[in-house]
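S.K.: Below you'll find the structure I mean.
What follows is calculated from the coordinates using simple rules that are stated; it is not laboratory data. Just so it is clear, the structure is predicted and the values come from calculations on it, not from any experiment. Using ideal geometry, Cβ is built from the backbone for each residue, glycine included, and neighbour counts are taken over all protein chains shown.
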Amino acid sequence: MNFAQFIRSTTFDTIHRSDRIDNMKQFRILEPKLSKSHRARNEDIDPPIERSGHRMLCDDDYVYVVGGYCPYYSEQLIQEIWRFNILTEEWELMDAEGDHFPPEMASFALCAEGSDAWKRAFLFGGTMVPFGDESSNRVTMLKKLRDAKFTWQPLPLVGEEPIQQYGSAILMHNGVLYQVGGTTGHIYNMEVRSLTPVRTETNKPCASNFPEPHLWRWTLLNKAENEWGRYRHEVELVGDEIIIVGGGNPHWASTLDTLLVFDICS
């Protein structure tokens with residue numbers, strides 16, 4: 001499995017700059033406010049504080065904000081899940097059950113399984129403060145339950161595990177999790193791994209009410225020793241190709257003139 005360079009179409013460059021500006025959508029700043037039902041249940045709670053290093057998911061009705069870092073927050077790392085109603089433009093703090101809320105809540109990687117109606121998401125890596133001193137290579141599943149509740153479930157992992165790192169990017173395709181790049185804070189990489197559920201005859205997906213896999217196996221697909229290591233990039237799946245967008249390291253930042261592509265089938 002190899003990387004390839006994808007040359008961006010030049011069609012965009014032929015559009016006049018004035019036309020691009022006219023067609024742009026303008027951002028607007030929304031005043032943070034809590035939902036009425038949430039205020040009734042939690043009189044002393046404030047809207048979500050400012051943060052960086054968080055991750056977001058969305059479904060048909062909500063945008064979900066997970067974790068983050070704020071130097072003015074008492075704990076600095078924020079172990080919270082908020083959701084934003086895209087219709088009413090109101091916030092609500094979610095109830096995350098259990099004792100497995102990951103502590104490395106800065107620059108972790110997060111992706112949902114499925115699209116608009118996701119029920120499970122996966123979190124990989126992340127760092128505590130100071131950044132890079134304590135990082136993670138764990139994978140934790142976030143399950144969406146009823147009544148706006150969530151629960152965290154650490155996954156049992158075997159195989160060619162990645163190093164503890166942050167700033168990676170992950171995505172889910174056909175039940176397999178793919179992890180790309182990241183950093184320890186000192187070493188930057190572009191390794192690609194897959195994380196595959198190990199199933200037995202009693203927990204195959206075709207069975208009704210099948211249980212969760214008892215193991216997940218890491219496989220190193222590509223060490224990418226000839227590619228610049230990077231972090232804080234994004235990945236998107238197009239067909240069977242993972243498109244890597246952005247990212248960088250202290251000596252280099254990726255441009256958008258060419259995009260790195262990883263073919264998961266070749």
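S.K.: For region 154-161, what does the Karplus curve 6.51 cos²θ - 1.76 cosθ + 1.60, with θ = phi - 60°, yield as ³J(HN,Hα) per residue in whole Hz, taken in order and with x for Gly and Pro?
M.R.: x, 8, x, 10, 9, x, 7, 5
S.K.: What ³J(HN,Hα) values, in whole Hz, does the Karplus curve 6.51 cos²θ - 1.76 cosθ + 1.60 give for region 100-109 when θ = phi - 60°, with x put for Gly and Pro?
M.R.: Working through the residues one at a time gives 10, 5, x, x, 7, 9, 10, 6, 7, 10 Hz.
S.K.: As a footprinting exposure proxy, order F124, F84 by other Cβ within 10 Å, with the fewest listed first.
M.R.: F84, F124
S.K.: Further question on the same structure: Simple spin-label model, 7 Å along Cα-to-Cβ: D147 to Y73 in nm?
M.R.: Once both label points are built, they end up 2.6 nm from each other.
S.K.: Let me ask something else. Rounded, prolate or oblate, given the Cα gyration tensor of region 41-175, with a/c below 1.5 counting as rounded?
M.R.: Verdict is oblate for region 41-175.
S.K.: What are the radius of gyration and Dmax of region 127-207, computed over its Cα atoms and given in Å?
M.R.: 15.1, 46
S.K.: What shape does region 45-106 take by its C-alpha gyration tensor, where a ≥ b ≥ c are the square roots of the eigenvalues and a/c under 1.5 counts as rounded, a/b above b/c as prolate, and the rest as oblate?
M.R.: prolate
S.K.: Per-residue HN-Hα couplings for region 86-93, Karplus 6.51 cos²θ - 1.76 cosθ + 1.60 at θ = phi - 60°, whole Hz, x for Gly and Pro?
M.R.: Each residue of region 86-93 in turn: 6, 8, 8, 6, 10, 9, 8, 7 Hz.
S.K.: Still on this model: Which of Y231, Y178, Y166, Y72 has the fewest other C-beta atoms within 10 Å, and how do the rest follow up to the most?
M.R.: Fewest-to-most Cβ neighbours within 10 Å comes out as Y72, Y178, Y231, Y166.
S.K.: R230's amide H: which non-local residues (gap 5+, or another chain) put their own amide H closer than 5 Å, with H modeled 1.01 Å from N in plane and none for Pro or chain starts?
M.R.: Here the answer is G182, N189, M190, since their amide H atoms fall under 5 Å of that of R230.
S.K.: Determine the gain in length on full extension of the stretch A4-D46; use 0.36 nm per residue of separation and subtract their C-alpha separation, reporting nm with one decimal.
M.R.: Residue separation times 0.36 nm, minus the Cα-Cα distance, leaves 10.4 nm.
S.K.: Related question: Kindly flag which residue pairs out of K33/K143; K33/K144; K144/K223 have an alpha-carbon separation exceeding 31 Å in this structure.
M.R.: K144/K223
S.K.: Moving on. With no solvent and one equal point scatterer per Cα, compute the Debye intensity ratio I(q)/I(0) for region 107-266 at 0.12, 0.14 Å⁻¹ and report its log10, rounded to two decimals.
M.R.: Per q value, in the given order, log10 I(q)/I(0) is -0.54, -0.73.
S.K.: Here is a further query. Quickly rank 181-193, 59-71 as a protection proxy: mean count of other C-beta atoms within 10 Å, highest first.
M.R.: 181-193, 59-71
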